[in-house]
Structures are given as C-alpha cells and as structure tokens.
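First the structure, in the form of structure tokens, and then the observations on it.
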Amino acid sequence: MTFVYQKLMGGKSGLSGFIILAVLILVIFPLFLDSFRLNLVGKYLTYAFAAVSLVLIWGYGGVLSLGQGIFFGLGGYGMAMFLKLEASSIANTAIQSTPGIPDFMDWNQITSLPWFWEPFNSFTFTILAILIIPTIFAYIIGAAMFKRRVGGVYFAIITQVIAVILTILIVGQQGFTGGINGITDLRTLNGWDITSDSAKNLFYFINCGLLLTVIIISRFILTSKFGSLLLAIRDKEDRVRFSGYDVSNFKIFVFCFAALISAIGGAMFTLQVGFMSPSFVGIVPSIEMVIFAAVGGRMSLIGAVYGTLLINFGKTGFSESFPELWLFLMGGLFISVVMFFPNGLAGLWQDYGHHVTNKFDFIINLFKRKFLTKSDAPSIEKS
Amino acid sequence: MGDYTYSELGSIFAMQGFAGISLFSVLLLMALGLAIIFGQMGVINMAHGEFMAVGAYTTYFVSVITEKYLPGFMPYYFVFAIFLAFIVAGTLGYLAEFALIRHLYKRPLDTLLATWGLSLIMQQSFRSLFGAREVSPTLPEWLLGSYQPIESIHIPINGMFVLGLTGFVTLGVFYLLHKSKWGLCVRATTQNRIMSSAVGINTKKIDRYTFALGCGIAGIAGGAFTTIASTGPTTGTLYIVDTFMVVVFGGAASLFGTIISAFSIAQAQSLLEFFISGSMAKVYTLFALVLILMFRPEGLFASKVRR
C-alpha cells in the first residue's frame, strides 16, 4: 500500500493533485460541457500526452526534443490509415476508377494499394504499429545521437529537421499520404460509427483513462531509482558517467518512452477528431507542445495537462474573437514564461499555492466557527 | 536524365548551378549571422528568419517611398536600402539582446523558446503593418535581365549582384572577426568568458554588439532576398531550419565551414530540384544532412572551442 501511495501517487500532495485532475476531466467537464465542447477538450487532452512526454524528456532528462510532433503524427497517421482503409471499402468507393483504395490515391492516379498500406487492414497490426513504430524510430534517432553524446542544442535542431523532413514527405507524396489535406473522412472503427456523440463521449473517457494511466506510469518511472539517475544526468552528466553508468541508455529509454506516449496521444487524436493532417507533425505543433509543458511546468506531469488545457482554451477563445491579438499574446506568453516563471503554473502553485490553501483553511475554519459551534453570533437571516 | 544531349545537360547544370548560387548567397548571408550568434555566443535565435524579413520589408519600404517621392533616385536606392536594412535589423537585434537574450545566456534551450515567442510577435507585427499579402520592391532597371555568355545559358543579373554582395559581406565579417581588435575580443569571450572579463574585456557589451551584428547581417540577407522572391510575414520561418542546418553542418564557430556547407546544401538542392520534384529534393538533402550529422555530430569543420 505504501508502495502505491508513495511511488505511484507521489505522496499526499501528488495524490491530491492527481485526484483533483481526475475529478476535473472525468466528472466536471462531462457534466458541464456539451458534446461539442467535450470533444474539443478531448482533442486538447490528446496534446497533453505530448506535453507529459516532454516533462519526462525535457524537464527531467534535460534533453529538449523539438520533434514530439513526429511521434504524435506517426501514431495519428497509423490510426488514420486503418480507419481510411475501412472507410474505402469497395462498396463505398464504387464510383472511383479503382474501387477499394482511399479516395486521394484514386485522385492521384494510383491504381493499387501501396505495400506499406496493406498491413493496416488489420486492427491488431495497426495497434501494434502505433505503439512500436514510433518507439523504434525514437530508438534509432536516440541511439544515433546519445551514443555519440550529441545533446542539448544540437539534438533540438536535429529533431526539428526530422520533423520538417517528415512534413515535406507527407505533403509531397500526396498519392500515398493524402498530402496537405491529410487523411480525412474517417467514419467507422470495425463497423462502429465513430462520428456519433455516444462514440465521441466514449473516446473522451478512454482518452482520459489512458492519460491518467500514462501519468501514473510516468510518475512511477520518475520516483524510481531511474528517475533520480535521470535528474543526476541532467544536472551533472559527466559525474554520472564517471560513476559507471551508461548515460546514453537512460536517455534513449526516456526518449523512446516519450515517443510512445506521444504516439498514443496522436492515435487518440485521430479517433476523436476524425482526421489527421501534416499540420500536426511539423515544427509549429512540436514547439507548441513544448510550450504546453513549459506553461504547465516542465517538472510537473499534472501541470503539463493544465498548461495544455489553458493554452488551448485561450487559443480557441482568443483566435475566435481577436485573431490578431492572439499571436502577440502567445509570443508574450512564451517570453514571460521562460524569463519569469521557468517552472510554469506548477512552480507558481508551489511558491504561492500555500497562500490559497491557507485562505481555504481560514474560510473553512470561519465557517466551522460560525455554524458548527454554538455561539452568540447573530445568524444570517437577522443581519 | 535520359532524354537530354550532353550540351543541354551542360547548360542545365550551369543554369541550375547558378540558381543554386542565388540560394547559396541568401543561405550564406543568413547563416553568417546565425553562425556569429550561435557559433560564437551559443544562443539559438529562432527569430533569425524574422530579422531577415525585417531587412526584406525595410527594402520594400524604401522602394515604395523612393518610387513615390524621389523617382529620380530609383536606380540607386537599392544600395541605400540594403544599408538601411542592416541598420534596422541590427538595432532591433540590439534591443532584443538588451531586453531578452542577456537574461538567458545560462539557459541555451530557453533562449530557443523565448526567441520563438519573439518570432511570433514579429510575424504578427509584419502582418499588421504590411498586410498578409506577399510584397516585393520595384527593382532598379540594372538589376533586371540576364547575361548570356552562350546562347543556351541565361544567368540572371540579380543573382550575380547578390553573389557579389555576399562575397563582400563575407569578407567583411572575416576581417571583423579575425583581423580587428573587436573580433579578437569576441573570440576571446567565446573561448573563455571569465578570463576575458578578468583581463578587462567588457563581455556584456561584446555580446550585445555581436548579437546586433548577427541580426544586421540577417537584415542584409533580407535585402538580397527581395531580388529573388517576394516577402510575406512567414518568409523567415521557411528559411530558419535550412539556415540552422547550414550552421550545424558546417561546424559551429567555423566561418569557412559555414561557407562550404551553405554552398553544398544549396547546390545539392537546386541541382536535384531539376530532376525530381522540389519537395523531394529538399527531403533528400535534409535527410543526407541528418545522416552525415549522425556520424559526424560536430559538423564538417569543427573548431576546437572550450566552453
């Protein structure tokens, strides 16, 4: 029991934070938001996977990856390919010159399904591919970089370039990937309509469940000995190396795990939003994910979720009413977070949160004194 | 490459090669500024592309003003515009360093985020000031047209002008960094900041002027860029990744490496572009770069820098 309490939940404050988040996304949002808004929150929460992964790799590992969009995209595209193949059955695509292949292939004069699309006919393969392909890809990148002790700025730039390559590839190879529009018109999952409200609500809860699970697993990793070593590597890499640890393997592991989480987020994104496009792969989304984590607090798994929600609500709200102001605000936010609150919302809570909790205690005590103890104070009706 | 005769192939190579040289010039000018900032100071300036756009918009602005009020000055305005682009971008860079960058020297990854924020603000400012549409200045007569050494080869004059400008700026930077007293101070600060300030170099001032110089050169790049393509609010972002690749591939802090790598990247891209689609040419070029960097992370010509 203490194991669960200390390791998975992170003690009293960690547990209460986790419960508050769980209540917020599992109870409060579904109760107070209509189906459309809830779906929107669900979309934001898929970005939170990437933000959580950045807490692991950037906050604790000290390695800034500007390529989480790559893995988010790989996961999303994997799911989208399966759904697209299902949507383009021979019956649905009878009007095409080649029935049975996705519509964008037909528009690009491709007459048979490319070989790498074939396996995505199987749901089992798709799920495995979503989990394994991004992880292997991350392993290749990570092994090549970390074994050669490339880190810091260089790693950030190279991951960014890989994100650019992937985007150009997706946009350029229209016939195979759907191009700039991405893979659209996804309707059913194993014959089940995913565009209905009930399906969307179900996906929302599955998404929340997965996110909370990911947070618990990540916390377990961070509170274990591995987590301490990761922090040690971030702060004094050479000293850890001289103590006999193979530093690169630790970094590779955490990079792969971060990729895996982001890919799950991407797959959930496709399921909830119903399409996938290269605009969730490239530089801009990748950096935005970093900002979600930075605003939430780069050292806080739960903070990252709040950061994601806050920025996305702000983005949707502001860009609807003042599109011009939004970029100024976003830019200002980047700068001020980095310069004045490097630990983000979570850091603010840590520094000033006790004032709020003290106030709460004060109010609760006041209430207790007023209503629970017999006193001569006048009751509310009289005054 | 099947259907071309040898002489045609030769002309294609010459012309694509020269198209590559225009790209090379802009990339090199951008990368020179970045190599100074990133190589010498270790700051990742994501807003570097926007400083280039500042230069481009300055050139555009000067051209509009000249056309309206001083039509007689049109043939000569361009040189003046490029000089002004340098001043404007440099001043903005100076201010950015003062307000932002100097607080973040100890956290290089955070400068990346802060300058990205800066780039968003700058992009939106361009959009508010000049509109979302792409603009291009009216070029003076002597920059238009092309030079024809033999019948099948056309070499645009603006490309040659940009090349000349790039050569001039490169020599200037080389002289400034390696021959002047100021350059000595910059290099000393790069190698050992604490010792440099101990021997009386005002490292903070050096940082500020180095950053301003880098941004100013980006401004010149912007001025040169207007002769090749039109400028929009997001023009800077299109070139920033390529520029970073040039600097990293050449080996940070190596001026010579930057030149070689800008040349090879631009040439590879524009020669490939003729035979396969532009997007795939870029994919292959970038992919090759990533592969090479995996085997040689310090870049082609790494200079030994102690940090």
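Which order do the peptides B:169-178, A:234-243, B:184-193, A:53-62 come out in when sorted by mean C-beta neighbours inside 10 angstrom, highest first? Walk me through the numbers on the way to the answer.
Working: B:169-178: 15.7, A:234-243: 12.8, B:184-193: 18.1, A:53-62: 25.8.
The peptides rank, most packed first, as A:53-62, B:184-193, B:169-178, A:234-243.
How large is the Kirkwood hydrodynamic radius of region A:178-273, counting all unique pairs of alpha carbons, in Å?
After inverting the pairwise mean of 1/r, the radius is 16.3 Å.
Convert 4 °C to kelvin, take the viscosity as 1.567 mPa s, use the Kirkwood radius over C-alpha pairs of chain B as Rh, and evaluate the Stokes-Einstein diffusion coefficient in µm²/s, rounded to a whole number.
For these conditions, the coefficient is 65 µm²/s.
Could you pull out every residue, at least 5 positions away or on a different chain, whose amide H is within less than 5 Å of the one on A:THR93? Hs are placed 1.01 Å off N in the peptide plane, and Pro or chain starts have none.
Here the answer is A:GLY100, since their amide H atoms fall under 5 Å of that of A:THR93.
Regarding region A:79-209, what's the average projected area of the Cα-atom convex hull, expressed in nm²?
It is 10.2 nm².
Let me test this: with uniform point scatterers at the alpha carbons of region A:108-181, what is the Debye-based log₁₀ I(q)/I(0) at q = 0.22 1/Å?
After summing over all Cα pairs, the log10 values are -1.09.
If region B:1-87 were replaced by its equivalent ellipsoid, with semi-axes equal to the square roots of 5 times the Cα gyration tensor eigenvalues, what would those be, largest first, whole Å?
32, 25, 9
Divide the volume of the convex hull of the Cα atoms of region A:10-59 by its number of residues and quote the answer in cubic angstrom per residue.
With only Cα atoms used, region A:10-59 gives 69 Å³ per residue.
Put one equal scatterer on each alpha carbon of chain A, apply the Debye formula with no solvent term, and list log10 I(q)/I(0) at q = 0.09, 0.15 1/Å to two decimals.
Taking Cα atoms of chain A as identical point scatterers yields -0.58, -1.39.
Convert each backbone phi in region B:167-172 into a coupling constant with the Karplus relation 6.51 cos²θ - 1.76 cosθ + 1.60 (shift: θ = phi - 60°), then list the ³J(HN,Hα) values in order as whole Hz, x for Gly and Pro.
The phi angles translate into x, 4, 5, 4, 4, x Hz.
When the Cα atoms of region B:185-240 are enclosed in a convex hull and the volume is divided per residue, what value in Å³ results?
On the way: hull volume 5.3 nm³, N = 56.
Per-residue hull volume (Cα only) is 94 Å³.
Tell me the mean residue ellipticity at 222 nm calculated for the protein assembly as shown from its helices only (DSSP H runs of n ≥ 4, each -39500 (n - 2.57), averaged over every residue, nearest 500). Mind dumping the intermediate values first?
Values: 27 runs with 476 residues, N = 690.
Taken over the protein assembly as shown, the calculation gives -23500 deg cm²/dmol.
Classify region A:1-157 as rounded, prolate or oblate, taking a ≥ b ≥ c as the square roots of the eigenvalues of its Cα gyration tensor: rounded when a/c is under 1.5, otherwise prolate if a/b is larger than b/c and oblate if not.
It comes out oblate by the Cα gyration axes.
Test of understanding: express the Cα radius of gyration of region A:70-147 as a ratio to 2.2 N^0.38 Å, with N the residue count.
Its radius of gyration relative to the 2.2 N^0.38 Å reference: 1.32.
In cubic angstrom, how much convex hull volume per residue do the alpha carbon atoms of region B:96-162 span?
Spelled out: Cα convex hull of region B:96-162, divided by residues, is 187 Å³.
So what is the relative contact order of chain A, in percent, for Cα pairs below 8 Å that sit 6 or more residues apart? Numbers along the way, then the final one.
On the way: 540 pairs, mean separation 114.1, N = 383.
Normalised by residue count, the contact order of chain A is 30 percent.
So how do B:226-232, B:126-132 stack up, highest first, on mean other-Cβ count within 10 Å?
Listed from highest to lowest mean packing, they are B:226-232, B:126-132.
How large are Rg and Dmax for region B:141-208 when only the alpha carbon atoms are used, in Å?
20.3, 63
Using every Cα-Cα pair within region A:132-223, state what percent have a distance larger than 20 Å.
Within region A:132-223, distances greater than 20 Å cover 66 percent of Cα pairs.
Past the 28 Å Cα-Cα mark, which pairs from A:LYS147/B:LYS205; A:LYS147/A:LYS225; A:LYS236/B:LYS179?
Flagged as over cut-off: A:LYS147/B:LYS205; A:LYS236/B:LYS179.
Which three extents, in angstrom, do the Cα atoms of region B:1-155 have along their principal axes, listed largest first?
Computed over region B:1-155, the largest-to-smallest principal extents equal 59, 46, 27 Å.
Once all Cα-Cα distances of region B:193-307 are split into 5 Å bins that start at 0, what whole-number percent is in each one?
Per 5 Å bin, starting at zero, the Cα-Cα P(r) for region B:193-307 comes out as 2, 10, 14, 19, 19, 15, 10, 6, 3, 2, 1, 0 percent.
How big is region B:216-270 along each principal axis, measuring the range of its Cα positions in Å and listing the largest first?
Cα spread of region B:216-270 along its principal axes, largest to smallest: 30, 26, 18 Å.
So how do B:MET160, B:MET30 line up by other beta-carbon neighbours within 10 Å, fewest first?
Numbers: B:MET160 17, B:MET30 30.
In increasing order of surrounding Cβ atoms, one gets B:MET160, B:MET30.
Mind checking the mean number of beta-carbon atoms from other chains within 10 Å of the Cβ atoms in A:150-158?
The shielding value for this peptide is 6.
List every residue whose amide H lies under 5 Å from the amide H of B:GLY251, counting only residues 5 or more places away in sequence or on a different chain, with H placed 1.01 Å from N in the peptide plane.
For B:GLY251, the qualifying residues are B:LEU300, B:PHE301.
If you place +1 on the Cβ of every Lys and Arg and -1 on the Cβ of every Asp and Glu, how big does the dipole about the Cα centre of chain A come out, in debye to the nearest 20?
1500 debye
In square nanometres, what is one fourth of the surface area of the convex hull spanned by the alpha carbons of region A:228-383?
If I average the Cα hull's projected area over directions, I get 16.8 nm².
When the convex hull of the Cα atoms of the protein assembly as shown is projected onto a plane and the area is averaged over all directions, what value comes out in nm²?
41.3 nm²
If eta is 1.002 mPa s and T is 20 °C, what Stokes-Einstein diffusion coefficient results for region B:174-217, Kirkwood Rh from Cα pairs, in µm²/s?
Rounded, D is 205 µm²/s.
Per residue of region A:168-184, in order, report the coupling 6.51 cos²θ - 1.76 cosθ + 1.60 (Karplus, θ = phi - 60°) as ³J(HN,Hα) in whole Hz, putting x for Gly and Pro.
Rounded to whole hertz, the list is 4, 4, 5, 5, x, 8, 3, x, 9, 10, x, x, 5, 6, x, 9, 10.
Viscosity 1.002 mPa s, temperature 20 °C: what is the translational diffusion coefficient of region A:19-109 from Stokes-Einstein with a Kirkwood Rh over Cα pairs, rounded to a whole number of µm²/s?
Numbers: Rh = 16.6 Å.
The calculation lands on 129 µm²/s.
Out of B:MET46, B:MET15, B:MET280, any idea which swings most in a Gaussian network model of chain B, alpha carbons joined below 10 Å?
Maximum fluctuation in the GNM of chain B, among the listed residues, is at B:MET280.
Amide H neighbours of A:LEU189 under 5 Å, at least 5 residues apart or on other chains, H built in the peptide plane: list them.
Sorted by chain and number, the residues that satisfy this are A:ILE194.
If we restrict to alpha carbons, what Rg and Dmax does region B:71-219 come to, in Å?
Both quantities, over Cα of region B:71-219: 19.8, 63 Å.
Please report the net charge: other residues with Cβ closer than 15 Å to the Cβ of A:LEU271, K and R +1, D and E -1. Write out the running numbers ahead of the final one.
Values: positive: A:LYS43, A:LYS84, A:ARG187, A:LYS200; negative: A:GLU86, A:ASP185, A:ASP193, A:ASP197.
Result for the neighbourhood of A:LEU271: 0.
Quick note: the coordinates plus some simple rules give every number you see, no bench work behind them. Keep in mind that this is a model prediction, so the values were computed, not measured. Cβ: placed from backbone, ideal geometry, glycine included. Neighbour counts: every protein chain shown.
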